[in-house]
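Engineer: Let me begin by handing over the structure; questions about it come next.
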Amino acid sequence: MSSPGLVGDALREQGWRVDEITVVPASSHHEPNVAMSFPDSADYDLLVPVGAPWSAYDDQRIGRWLAPELRWLADAVARGGAVLGICFGAQALARALGGGVRRAETPEIGWVPVDSDVPEVVPAGPWFQWHFDRFAPPPGAVEIARNSAASQAYRIGRCLGVQFHPEATAEGIEVWVDNGGAAHARALGIEPADLLAQARLLAAEARERARALVSGYLTTIHCCGQNV
């Protein structure tokens, strides 16, 4: 599973305590159907489910922890809790709330801009993408960003789901590359070394965009579930 990276950093900068919970340890990457007991969502002011190298509809391969995670997210939202879902996390949130997840017609790996209706919450980017699936926002959600490949962000209540990776750092991307991602990138004609070089080049800008997204989410959506 991914690290909260720049999003975790941005939350800490605003005085939040960030507890990181690993669902699938590195030692279980090739046999990821592990059992998982999630903490009580009522103990947290915000849940931030992040990325994963599996699909949010692959019940057979990861169902032992995916089903509890979907219930965890649904229960959190039902009690008025807040969720900031990132990539797989946004897909899981969509599914938990009655939306859908399916294979994307156009996979995305690399840095791309998005068309945002609410740039004060979701700046236009460029954002780092690494996904082969896409979500259909759940009933009652409002799509607030998109590009030609997929819906890129939706909000519902006190929740925000984004398809891209605002948390991504060069170090995190290197882990994904080394953990099987190099082959996936090359299959799309993308050289992993170029991804890493661009990540290092855009590092300062990526950090500022992550800060802007977190700040915009907290002040506009998390605080009161305001329609944006």
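The values are calculated or read from the model by the stated rules, or taken from the named source; none is laboratory data. A quick note: this is a predicted structure, and the numbers were derived from the prediction, not measured. Cβ: placed from backbone, ideal geometry, glycine included. Neighbour counts: every protein chain shown. Side chains are part of the model used for accessible areas, which takes the heavy atoms of the whole protein and leaves out ligands, DNA and RNA. Shrake-Rupley method; radii C 1.70, N 1.55, O 1.52, S 1.80 Å.
Engineer: What about Arg211, is it buried (at least 16 other Cβ atoms within 10 Å of the Cβ) and closer than 21 Å to Val114 by Cβ? Walk me through it before giving the result.
Structural biologist: Values: buried (at least 16 other Cβ atoms within 10 Å of the Cβ): yes; closer than 21 Å to Val114 by Cβ: yes.
Spelling it out, Arg211 is indeed buried (at least 16 other Cβ atoms within 10 Å of the Cβ) and closer than 21 Å to Val114 by Cβ.
Engineer: Here is a further query. What do you reckon, is Asp178 touching a Lys or Arg at 6+ places or on another chain (Cβ under 6 Å) and open to solvent by 10 Å² or more (accessible area, probe 1.4 Å)?
Structural biologist: On the way: touching a Lys or Arg at 6+ places or on another chain (Cβ under 6 Å): no; open to solvent by 10 Å² or more (accessible area, probe 1.4 Å): yes.
So Asp178 fails the test.
Engineer: Output the strands (runs of 3 or more DSSP E) that fall wholly within the range 66-180 and possess 1 or more residues being in contact (Cβ under 8 Å) with a residue 24 or more places away in the chain, on the phi < 0 side of the Ramachandran plot and over 14 Å from the mean Cα position of the chain (by Cα), or say none.
Structural biologist: Numbers: elements: 84-86, 100-112, 127-136, 142-146, 151-156, 159-162.
Ranges flagged: 100-112, 127-136, 142-146, 151-156.
Engineer: Sort out which residues of the range 1-14 are farther than 15 Å from Tyr217 by Cβ, in a loop (DSSP other than H, G, I, E, B) and open to solvent by less than 70 Å² (accessible area, probe 1.4 Å), and write them in order of number.
Structural biologist: Of everything in the range 1-14, those that are farther than 15 Å from Tyr217 by Cβ, in a loop (DSSP other than H, G, I, E, B) and open to solvent by less than 70 Å² (accessible area, probe 1.4 Å) turn out to be Ser2, Ser3.
Engineer: Any idea which of Ala35, Ala52 is part of a loop (DSSP other than H, G, I, E, B) and either aromatic (Phe, Trp, Tyr) or under 26 Å from Arg103 (Cβ atoms) (or both)? Quick ask: steps written out before the conclusion?
Structural biologist: Values: Ala35 fails: either aromatic (Phe, Trp, Tyr) or under 26 Å from Arg103 (Cβ atoms) (or both).
Criteria check complete, one pass: Ala52.
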